[in-house]
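The values are calculated or read from the model by the stated rules, or taken from the named source; none is laboratory data. Keep in mind that this is a model prediction, so the values were computed, not measured. Glycine gets a Cβ as well: all are built from the backbone with ideal geometry, and neighbour counts include every protein chain shown.
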Amino acid sequence: MRVLHTSDWHLGRAFHRVSMLGAQADFIGHLVTTVRRHAVDAVVVSGDVYDRAVPPLAAVELFDDALHRLAALGVPTVMISGNHDSARRLGVGAGLIDRAGIHLRTEPSAAGTPVLLADAHGDVAFYGLPYLEPALVKDEFAVDRAGHEAVLGAAMDRVRADLAGRPPGTRSVVLAHAFVTGGQASDSERDITVGGVAAVPAGVFDGVDYVALGHLHGCQTITERVRYSGSPLAYSFSEAGHRKSMWLVDLDADGSVTAERLDCPVPRPLARIRGALDDLLADPALARHEDAWVEATLTDAVRPADPMARLAERFPHTLSLAFDPERGPGDPDVSYARRLVGRSDRQIAQDFVAHVRGAGPDEQEAAVLGEAFDAVRADDTVREAAR
Ligand SMILES: [Mn+2]
């Protein structure tokens, strides 16, 4: 059986100020094309369909479109909810779309009830474990300590118990949304640590043929049988080095696994550049990033004027700007409280300007600051008088 594994669509998520809906719609189109081109037998989506519990209408419409297109393909799909989804909202209508061959699993109590799909070699049992928030599901799984390992372990015990009752040779796939030990995180997953260790050892999944993971946004292989597809699009600059992909998994008659990595379309590359503004604007080696979404870190000792506007002339898709001035060796690093001792409000404000920009206010700016302080004082006088 040939399975296409994807996750973490995060429909409705923006990348900095850029809407990703167009890129997400393109990905859905790519998914449908891939299913056809590679004669996929089943699609699995391992959580974080949406970016948030109450997604924007356009994201809900895109999901609806994806469901229609998947159903029209006639290729069964199994999906679970992730930590970004509202399991209950996402689960509305699940019984109905089940009839169209799209099996949405959002109920922890159904962990041990598989979706059964068959090929020429017999049944493959797909167990959809939605994201399990330990504090919320510890009663369901009757565990004392509400940790990720405990609840996932208990859910997997149900999977193994169900599988043991099926005909010998029944193959199995588990969908889960979790942080598995050894996985590499990025900046766009929401932390799932709640008062303890978030990561679970891959061993909790022992006994099944393939584990289709979601949560981490980088495509990665934990073991041959335990993989993350990662998100189809980059959602943070920390993913600038990622290749966004899906796994095409062939499950043979004996349950052995071969996986091929299929790359997703890239709407626009990401680039992280760093240096003094004038250097970034002049360096010929940066020409290849002129069309990229750019995160720039300026190292100028003195903060330049209009840095965003100047950067945008060369890098029109600059989305993020940070300052990390290179300090001279003589720069003092005394505590803030000590630096304030004996300074007037006006001097402190001038020091602040010098601190954030690297150079204090010029005459005109000092005059503006002075006017501001005068205005505040005048305001205070009015308030005093009104008492
Ligand atoms: Mn995610």
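Checking Leu163, Leu90, Leu152, Leu129 one by one, the residue that is closer than 30 Å to Arg243 by Cβ, in contact with a Ser or Thr (Cβ under 8 Å, 6 or more places away or on another chain) and free of Cβ contacts under 8 Å to residues at least 60 places away in the same chain is Leu90 and no other.
Annotation note: Cβ proximity below 6 Å between a residue of the stretch 282-302 that is under 10 Å from His317 (Cα atoms) and a residue that is charged (D, E, K, R) (sequence gap 6+ or interchain) occurs for Trp293/Arg268; Glu295/Arg272.
Does the stretch 99-121 hold any residues that are more than 23 Å from Val200 (Cα to Cα) and assigned to a strand (DSSP E or B), and which are they? Steps first, please.
First pass over the stretch 99-121, keeping only residues more than 23 Å from Val200 (Cα to Cα): 99-104, 115-121.
Scanning the stretch 99-121 gives Ile102, His103, Leu104, Val115, Leu116, Leu117, Ala118, Asp119.
Which residues, taken from the stretch 40-98, are away from the ligand (no atom under 16 Å from the Cβ), hydrophobic (A, V, I, L, M, F, W, C) and either in a strand (DSSP E or B) or in contact with a strand residue (DSSP E or B) (Cβ under 7 Å, 6 or more places away or on another chain) (or both)? Within the stretch 40-98, Val40, Ala42, Val43, Leu62, Leu67, Leu70, Ala71, Val75, Val78, Ala94, Ile97 qualify. When the residues of the stretch 1-19 are filtered to those that are within 12 Å of the ligand (Cβ to nearest atom) and among the charged types (D, E, K, R), which remaining residue is farthest from Gly214 (Cα to Cα)? Here the residue is Arg13.
Answer yes or no: is there a residue in the stretch 318-332 that is in a loop (DSSP other than H, G, I, E, B) and at pLDDT 95 or above. Scanning the stretch 318-332 turns up no residue that is in a loop (DSSP other than H, G, I, E, B) and at pLDDT 95 or above. Can you name every residue in the stretch 193-215 that is touching an Asp or Glu at 6+ places or on another chain (Cβ under 8 Å), touching a residue at least 60 places away in the same chain (Cβ under 8 Å) and among the aliphatic types (A, V, I, L, M)? Passing the criteria: only Val194. Check whether at least one residue in the stretch 238-255 is without any contact (Cβ under 8 Å) to a residue 60 or more places away in the chain, within 16 Å of the ligand (Cβ to nearest atom) and of a type in the set (Ser, Thr, Tyr), and report yes or no. Yes, the stretch 238-255 has at least one match. The condition of being closer than 29 Å to Gly255 by Cβ and surrounded by fewer than 17 Cβ atoms within 10 Å (Cβ to Cβ) holds for only one of Ala111, Ala164, that being Ala164.
So which strands (runs of 3 or more DSSP E) are wholly in the stretch 221-308 and hold at least 2 residues that are polar (S, T, N, Q)? Show your work before the answer.
Details: elements: 226-228, 245-251, 257-263, 270-275, 293-298.
Qualifying strands (runs of 3 or more DSSP E): none found.
Determine whether the stretch 304-320 contains at least one residue that is surrounded by 13 or more Cβ atoms within 10 Å (Cβ to Cβ), touching a Leu at 6+ places or on another chain (Cβ under 6 Å) and of a type in the set (Phe, Trp, Tyr). No: the stretch 304-320 contains no residue that is surrounded by 13 or more Cβ atoms within 10 Å (Cβ to Cβ), touching a Leu at 6+ places or on another chain (Cβ under 6 Å) and of a type in the set (Phe, Trp, Tyr).
Here is a yes/no grid of residues against (1) under 20 Å from Val200 (Cβ atoms); (2) of a type in the set (Gly, Ala, Ser):
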residue	(1), (2)
Ala58	no, yes
Pro76	no, no
Arg89	no, no
Gly95	no, yes
Asp123	no, no
Tyr127	yes, no
Pro134	yes, no
Asp144	yes, no
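If only residues of the stretch 195-208 that are crowded, with 16+ Cβ neighbours inside 10 Å and modelled with pLDDT of 85 or more are counted, the one that is farthest from the ligand (Cβ to nearest atom) is Val208.
As a summary of the residue check, Ile192 satisfies the conditions (1) under 28 Å from Pro265 (Cβ atoms); (2) within 11 Å of the ligand (Cβ to nearest atom) except for the one numbered (1). For the stretch 151-183, the candidate set comprises residues that are within 17 Å of Asp119 (Cα to Cα) and out of contact with any strand residue (DSSP E or B) (no Cβ under 6 Å at 6 or more places or on another chain); within that set, the residue that is nearest to the ligand (Cβ to nearest atom) is Arg166.
Every condition in (1) in a strand (DSSP E or B); (2) touching a helix residue (DSSP H, G or I) at 6+ places or on another chain (Cβ under 7 Å); (3) not polar (S, T, N, Q) is met by Pro130 except one, and the failing one is (1).
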